[in-house]
Structure formats: C-alpha cells, structure tokens
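Enquirer: Sharing a structure with you now.
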Amino acid sequence: MATDPWKSPADLFDEAAGIISPSIFADRDIYKLELERVFSKSWLFIAHETHIPKTGDYFATHMAEDPVVAVRQKDGSVRVFMNQCRHRGMKICRTDGGNAKAFTCTYHGWAYDIGGDLVSVPLEEKSFVGLDKSQWGARQARVESYKGLIFATWNMEAPCLSDYLGDAAFYLDAVLDRSAAGTEVIGGITKWVIPCNWKLAAEQFCSDMYHGLFSHGSIFTAASIPPSSLNTGRQFRAARGGHGTGFFVRSVPEMKITNAGERVAGYDPVADEKAAVARLGTRGGLFVQHMTIFPSFSFFAGFNSLRVWHPRGPDKVEVWAFTIVEKDASAATKEQLRISSTRTFSPAGTWEQDDGENWVEIQRVLRGHEARRTSFNIQMGMGRDYGTDPDLPGSKRQALSEDAARGFYAHWLTLMTQPDKAYAKGGNPLQAAE
Amino acid sequence: MPQNNVATNTQLPKAIVSPELQQEIEQFLYFEASLLDDHLIADWMSLMAADIRYFMPLRTNRGPRERDREFSGSRDIAYFDESKASLDLRLRKLQTGLAWAEEPPSRTRHMVTNVRITALANPTEYEVKSAFLLYRNRAETQTDIFAGERIDGLRRIESVAGFEIFKRHIHLDQSTLLANNLSIFF
C-alpha cells in the first residue's frame with residue numbers, strides 16, 4: 001500500500017480557508033496516487049456512440065494512462081477492454097479506429113475476438129498444456145452510456161453512471177439533449193499534448209468564468225463578442241461528485257457566425273436555438289457554458305467541443321477533442337458548427353490556443369521548490385450568498401465564483417484520502433476489480 | 001494512399017516546368033516564408049486569395065484496409081479549415097496585442113524545399129507541392145518542430161509578389177500533435 005505523501009489532507013486543499021497547495025499540480029507521488037485513487041475509481045469518458053455505430057467498429061483510447069479499446073458488439077452493446085495482450089502485455093490494437101473482426105497481437109499472435117475474449121493462441125497444442133483461454137481474455141471494464149456518451153470504469157463498486165452524474169446531468173443535457181433526435185459526432189478527433197497538469201484544464205472547464213475576459217480578450221475584441229452583464233452569470237456545483245459548470249443566462253445565437261468569421265449559406269442561428277429553448281427552457285440558450293464531469297471529461301457548449309484530459313504524468317496532459325451536433329440539424333447548421341468548432345476549440349482555435357499558454361507557463365513555474373510551497377487562493381465567491389435560480393437547480397446567481405472548483409477539489413481530496421480497498425487488504429487488485 | 005507492396009507506376013511529371021518558372025515560384029515561396037518569419041502577418045495575409053482554403057486535416061493511424069482514411073475528410077473537424085474571412089479574424093486577434101499565445105511572438109523559421117510544380121488547366125494556375133520544416137521557439141525554452149508537406153494552389157496575378165495563394169493544404173507529419181497550440185501559420 002502506498003504511503004500518503006502528505007501530513008494532513010488540509011495541506012493539499014483547505015476548503016474552509018479557500019487555500020490550495022500548488023504541489024497537487026506538480027508532485028509525482030501525488031500523481032501516482034491519483035491514477036489509483038481518482039482515475040481507477042471514477043467513471044471515465046470513452047467515446048460517443050456514433051464513433052462506433054456498426055458491429056466490429058472500434059475506437060482505441062485511454063482510461064487515464066491505460067490504453068483501452070471500445071468495440072461495438074453484435075448485440076449492439078459496447079465492450080471496453082484493456083489494449084494489452086495477456087501474454088506479455090503488447091498492445092492488441094495498434095491503430096486509432098476502424099472496423100475489426102478480431103484483434104491479433106503482433107508480438108506472438110494471440111488473437112482476441114471483438115469482445116476481447118482470447119480465441120486463438122498460435123501452436124497452442126504444441127506449446128501449452130491445458131491452457132484455459134476463457135481465463136485469459138483482455139481485462140474488461142464496466143461500461144454504461146448516457147445520452148450518446150459511453151463511459152467506463154474499473155470500479156465495480158461505483159454507483160451506476162446515472163447516479164454518478166447525479167444533479168449534473170441536467171446541465172449535461174444542455175449539450176446532449178437539444179433535440180429528441182439526439183446527437184452525432186462530426187468526424188475527426190483532435191489530439192494534442194499540453195505540458196501541464198490535467199487538473200488545471202479540468203478545473204477551468206468546471207468553474208472558471210473569470211478568465212474569459214482576460215485570457216480570451218483578443219478574440220472577444222476581434223470577433224466583437226458583446227460583454228455579459230454579471231447578473232446573468234450562474235455557477236453550478238454538483239451536490240456530490242465534483243462536477244460543475246458556469247455560464248451566462250443570455251442568448252447570443254450569432255456566436256457560431258462571429259467566431260467562424262463567416263456565415264454558412266442557409267444557416268439560421270435563431271431557428272437553431274429556438275427549437276432547443278422550446279425543449280430545454282433556459283438551458284437551450286446558455287452563453288459560453290463550459291462544464292466538467294469529474295474527473296477529466298469537459299465540454300464547451302455552443303461550439304460543442306467535447307474533450308477528455310488524458311493525464312500523462314504530473315506535468316503533461318493529452319487532450320482528445322471532438323464535436324457533436326444534433327442528428328436532425330440542417331446541413332447548413334452542421335457545417336456552421338463544424339467550421340466554428342474547428343476555428344475556436346482546436347489547438348489552432350482562437351479560444352483554445354490562449355488557454356494552453358496559461359497552463360504551460362504555470363506548470364513551468366511549478367518546477368520551483370518554493371513555487372510549490374507558495375499557496376494559491378481559491379476563495380472567490382466564499383462568504384457571500386448570491387441566491388439561487390428556480391429554473392436552474394443547484395445554481396447560484398453568480399458566475400464569478402470558484403464554488404464549483406472547490407467542489408471539484410473537495411471530491412478529489414475525498415478520493416485521494418481513501419486508499420484502494422484491494423491494496424489496503426494486500427489483495428490482488430485484478431481479482432478485486434473482476 | 002499507395003500500399004507499400006503495390007507499385008503505383010509513379011513517374012516524373014511528363015511536362016517538367018521551365019527552370020525560370022521553377023525559380024520564380026521557389027522565390028515566391030521563400031518570400032512568403034520570410035514574411036511569416038519576420039512577423040509581417042498582415043503582408044502575408046495579403047498573399048491569400050479571396051477564395052483561399054487554408055486546410056490542415058487531422059491524421060490517424062489506420063490498418064492496411066483503411067489506410068485511405070488516414071487523413072480526416074474535407075467535411076470533418078480539422079486543425080485548420082480557414083477562409084479569407086476567418087484568416088482575417090485571426091489577423092485582427094493578433095493585432096489586439098492581447099493574443100497571449102503569440103504575445104510576445106514565437107520565433108519561427110519556415111524552411112521550404114522539394115518544390116514540385118504542375119501546371120493546371122487554367123494557364124495562370126499551378127499546383128505546387130513542397131516539403132516544409134518549421135521551427136518554433138517561444139517564451140524561455142519552448143521549442144516545437146513541425147515537418148510535413150504543403151499542397152498549394154498558386155495563381156499568377158498582377159502584383160509585386162506575382163502570385164496569390166488560393167489553396168494551401170498542409171499535411172503535418174504527426175498524428176497526436178506534440179505542441180500545446182498552433183498559434184502560428186504554416
């Protein structure tokens with residue numbers, strides 16, 4: 001069992017005082033514990049249902065640092081299993097996606113069917129005595145979906161996905177449930193590496209409505225984005241689970257045009273939003289909503305960029321982003337969304353590129369011994385009652401708050417201070433998981 | 001995308017362009033690169049035609065049967081998929097002085113080589129393929145190196161530069177982008 005690399009949990013995050021330790025963004029021992037206590041315990045985003053519509057369609061991704069493959073089965077279900085051969089651990093899938101009939105390890109040729117079950121071992125009769133292939137399939141994760149999004153977890157004792165999302169699902173619906181037809185992906189996963197801790201990104205999407213005006217000042221000016229009145233700002237902190245979102249209750253339907261730099265012929269921003277408002281009420285027309293489902297799945301509504309922050313060590317994150325659109329949207333709406341999403345929230349995006357700049361510089365500062373001992377202020381919005389909004393359960397009438405960020409770190413700390421039961425008992429984590 | 005084991009009878013183009021045209025187009029590409037490296041972005045932007053498509057698709061690892069899906073499609077999400085209007089928006093963003101990913105600006109060096117020119121049906125237009133190596137260094141120690149191919153459409157016009165660019169397709173030789181952003185132009 002790992003030893004906790006801190007004296008008291010409050011040394012990492014003290015919610016009552018509103019203080020956070022920079023070490024949580026830089027310490028390698030803390031990162032190792034995060035893989036065990038946060039990522040292996042939580043539901044992690046895998047893919048959108050329409051990434052793998054047909055039997056045998058597969059999508060290779062990661063659950064934190066662990067490579068996995070998500071595959072559509074004959075019965076329509078999805079399996080997610082380790083991309084690791086049970087013989088010597090070579091990847092059994094070395095491509096990013098496509099359609100497969102089997103996954104054959106290129107090291108010694110062990111072959112797994114699309115369900116991850118071991119079906120063929122070369123020269124089995126001559127080389128093994130009584131090999132029980134049924135015991136040597138790829139390790140399976142637990143899989144559930146919510147409105148088109150596939151999640152998986154290694155935690156067999158975790159609550160069901162619906163309970164895990166809890167009261168945050170209402171806000172997730174602002175991007176997933178704008179039409180009864182549901183959503184589909186626009187092709188292409190944008191993948192890039194930012195040398196920063198994963199929490200800098202996940203927390204910002206969870207809570208930070210404060211940075212926009214300054215970090216994104218250049219595009220706000222260039223695209224003539226009108227300033228928002230602060231009294232339209234809201235922030236939601238999930239009752240439990242560390243999820244959060246911030247947004248303005250303010251319709252700005254022309255965002256997809258001003259930020260793309262042009263209007264696709266036939267695109268009607270008002271009609272586009274009207275249908276969603278009729279279905280979802282206030283949530284149909286939120287402005288600059290961004291959200292994190294703990295720990296590492298985030299989205300920016302409006303441009304509909306969804307992404308996972310795959311952790312890659314304490315000082316690196318791999319971003320995998322894609323874009324969704326309502327299945328029944330017009331061709332013009334889909335094209336408007338495609339160009340506005342590409343031009344705002346990709347590594348070249350006019351919004352995104354400035355976020356990466358901040359996080360990289362912060363991470364570089366945290367190489368310093370003293371910098372890691374110089375505490376951060378996370379007090380915004382503490383000690384004031386901003387009131388609630390009956391249309392938006394759980395939300396406070398204040399966007400400029402770090403309430404959701406405190407919720408994110410409070411849940412993170414709860415997980416970090418709960419040792420893995422299997423490790424605590426000295427048991428076999430593989431058996432515990434299965 | 002050709003398979004390794006199948007000869008595609010690729011040959012030298014039948015009509016190799018004249019040395020004069022080769023030199024003229026290469027000099028244009030070097031001039032264009034110097035504008036970017038000298039941070040004369042507005043001048044560089046003026047070389048883009050009104051009908052420019054500035055496009056950098058995503059790139060994936062695919063199996064042998066699906067190698068033709070290596071690049072994301074024309075109507076998929078891309079790193080860049082820009083028109084004249086959206087490039088102008090990027091220029092206005094840079095000109096605010098608040099575009100922190102390029103403030104202070106990156107130091108870049110665009111190296112352009114392996115230039116192959118094909119005359120198009122329209123006698124004023126050429127397809128120009130080239131290889132590039134783009135070095136970017138910014139802030140204190142951040143360094144990125146990008147390599148790839150550009151497939152340009154050049155149109156001869158009456159101007160000091162002699163050409164405008166109506167197509168730039170950039171094939172980056174990375175699948176997972178190894179840089180924190182693409183705040184520079186290729």
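The values are calculated or read from the model by the stated rules, or taken from the named source; none is laboratory data. Quantities reported herein were computed from a predicted structural model and do not represent experimental measurements. Positions of Cβ are generated from backbone atoms using ideal geometry, with glycine treated the same way; all protein chains shown enter the neighbour counts. Surface areas here come from the heavy atoms of the whole protein model, side chains and all, with no ligands, DNA or RNA. Shrake-Rupley method; radii C 1.70, N 1.55, O 1.52, S 1.80 Å.
Enquirer: Only one residue in B:Asp38, B:Asp51, B:Asp43 is touching a Leu at 6+ places or on another chain (Cβ under 8 Å), away from chain A (no Cβ under 11 Å) and farther than 22 Å from B:Leu172 by Cβ. Which one?
Expert: When all the criteria are applied, what remains is B:Asp43.
Enquirer: Given the condition touching a His at 6+ places or on another chain (Cβ under 8 Å), open to solvent by less than 40 Å² (accessible area, probe 1.4 Å) and at pLDDT 95 or above, answer yes or no: does some residue in the stretch A:321-340 qualify?
Expert: Looking through the stretch A:321-340, at least one residue is touching a His at 6+ places or on another chain (Cβ under 8 Å), open to solvent by less than 40 Å² (accessible area, probe 1.4 Å) and at pLDDT 95 or above.
Residues checked against (1) surrounded by fewer than 20 Cβ atoms within 10 Å (Cβ to Cβ); (2) of a type outside the set (Ser, Thr, Tyr); (3) in contact (Cβ under 8 Å) with a residue 60 or more places away in the chain:
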| residue | (1), (2), (3) |
| --- | --- |
| A:Gly241 | no, yes, yes |
| A:Thr245 | no, no, yes |
| A:Val249 | no, yes, yes |
| A:Phe294 | no, yes, yes |
| A:Phe300 | no, yes, yes |
| A:Phe303 | no, yes, no |
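Enquirer: From the list A:Glu49, A:Glu65, A:Glu34, which one is open to solvent by 20 Å² or more (accessible area, probe 1.4 Å), of a type outside the set (Ser, Thr, Tyr) and under 30 Å from A:Leu366 (Cβ atoms)?
Expert: Going through A:Glu49, A:Glu65, A:Glu34 in turn, the sole match is A:Glu65.
Enquirer: Tally time: how many residues in the stretch B:127-186 are at the interface with chain A (Cβ under 10 Å from one of its Cβ atoms) and open to solvent by 20 Å² or more (accessible area, probe 1.4 Å)?
Expert: 8
Enquirer: I'd like to know if the stretch B:82-97 contains one or more residues that are touching a strand residue (DSSP E or B) at 6+ places or on another chain (Cβ under 8 Å), part of a strand (DSSP E or B), within 8 Å of chain A (Cβ to nearest Cβ) and open to solvent by less than 70 Å² (accessible area, probe 1.4 Å).
Expert: Yes, some residue in the stretch B:82-97 is touching a strand residue (DSSP E or B) at 6+ places or on another chain (Cβ under 8 Å), part of a strand (DSSP E or B), within 8 Å of chain A (Cβ to nearest Cβ) and open to solvent by less than 70 Å² (accessible area, probe 1.4 Å).
Enquirer: Tell me whether the stretch B:105-124 contains one or more residues that are within 13 Å of another protein chain (Cβ to nearest Cβ), open to solvent by 40 Å² or more (accessible area, probe 1.4 Å) and not in a helix (DSSP H, G or I).
Expert: yes
Okay, residues lined up against (1) in contact with a Leu (Cβ under 8 Å, 6 or more places away or on another chain); (2) in contact (Cβ under 8 Å) with a residue 40 or more places away in the chain:
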position	(1), (2)
A:Asp14	no, no
A:Glu36	no, yes
A:Ala64	yes, yes
A:Cys105	no, no
A:Gly115	no, yes
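Enquirer: Let me ask something else about it. How many residues are open to solvent by 30 Å² or more (accessible area, probe 1.4 Å), away from chain B (no Cβ under 14 Å) and touching a helix residue (DSSP H, G or I) at 6+ places or on another chain (Cβ under 8 Å) if we restrict to the stretch A:199-213?
Expert: Looking only at that region, the number is 2.
Enquirer: Has the stretch A:181-198 got any residue that is of a type in the set (Phe, Trp, Tyr), assigned to a helix (DSSP H, G or I), modelled with pLDDT of 95 or more and buried (at least 20 other Cβ atoms within 10 Å of the Cβ)?
Expert: Taking every residue of the stretch A:181-198 in turn, at least one turns out to be of a type in the set (Phe, Trp, Tyr), assigned to a helix (DSSP H, G or I), modelled with pLDDT of 95 or more and buried (at least 20 other Cβ atoms within 10 Å of the Cβ).
Enquirer: I would also like to ask the following. Look at the stretch A:214-247 and say how many of its residues are away from chain B (no Cβ under 14 Å) and hydroxyl-bearing (Ser, Thr, Tyr).
Expert: Matching residues across the stretch A:214-247 total 4.
Enquirer: Kindly indicate which of B:Ala78, B:Ala101 is facing another protein chain (nearest Cβ under 8 Å), open to solvent by less than 40 Å² (accessible area, probe 1.4 Å), in contact with an Asp or Glu (Cβ under 6 Å, 6 or more places away or on another chain) and at pLDDT 95 or above.
Expert: The match here is B:Ala101.
Enquirer: Can you tell me how many residues in the stretch A:150-168 are touching a helix residue (DSSP H, G or I) at 6+ places or on another chain (Cβ under 7 Å) and surrounded by 18 or more Cβ atoms within 10 Å (Cβ to Cβ)?
Expert: Total meeting the criteria: 4.
Enquirer: Same structure again: Checking A:Gly261 against (1) under 26 Å from A:Gly394 (Cβ atoms); (2) within 12 Å of chain B (Cβ to nearest Cβ); (3) not acidic (Asp, Glu), only one condition comes out false. Which one?
Expert: Every listed condition holds for A:Gly261 apart from (1).
Enquirer: Another question, if that's okay. Check whether at least one residue in the stretch A:157-171 is more than 30 Å from B:Leu182 (Cβ to Cβ) and either within 14 Å of chain B (Cβ to nearest Cβ) or among the β-branched types (Val, Ile, Thr) (or both), and report yes or no.
Expert: The answer is no, given that none of the residues of the stretch A:157-171 is more than 30 Å from B:Leu182 (Cβ to Cβ) and either within 14 Å of chain B (Cβ to nearest Cβ) or among the β-branched types (Val, Ile, Thr) (or both).
Enquirer: Do any residues in the stretch B:37-57 that are modelled with pLDDT of 95 or more and assigned to a strand (DSSP E or B) have Cβ atoms under 6 Å from those of residues that are surrounded by fewer than 21 Cβ atoms within 10 Å (Cβ to Cβ) and of a type in the set (Phe, Trp, Tyr), where the two are at least six apart or on different chains, and which pairs are they?
Expert: Filtered contacts from the stretch B:37-57: B:Ala49/B:Phe166; B:Asp51/B:Phe166; B:Ile52/B:Phe166; B:Pro57/B:Phe71.
Enquirer: Mind telling me which of the residues A:Ser229, A:Ser215 ends up being in the same structural domain as A:Met382 (by TED's automatic domain parsing) and within 28 Å of A:Val360 (Cα to Cα)?
Expert: A:Ser215
Enquirer: Also, quick follow-up: Taking the stretch A:351-386 as the region of interest, how many residues are open to solvent by less than 50 Å² (accessible area, probe 1.4 Å), part of a loop (DSSP other than H, G, I, E, B) and either away from every other protein chain (no Cβ under 14 Å) or in contact with a Cys (Cβ under 9 Å, 6 or more places away or on another chain) (or both)?
Expert: The number of residues fulfilling the criteria is 4.
Enquirer: Taking A:Arg406 as the residue in question, decide whether it is touching a residue at least 12 places away in the same chain (Cβ under 8 Å), open to solvent by 40 Å² or more (accessible area, probe 1.4 Å) and farther than 30 Å from B:Thr96 by Cα.
Expert: no
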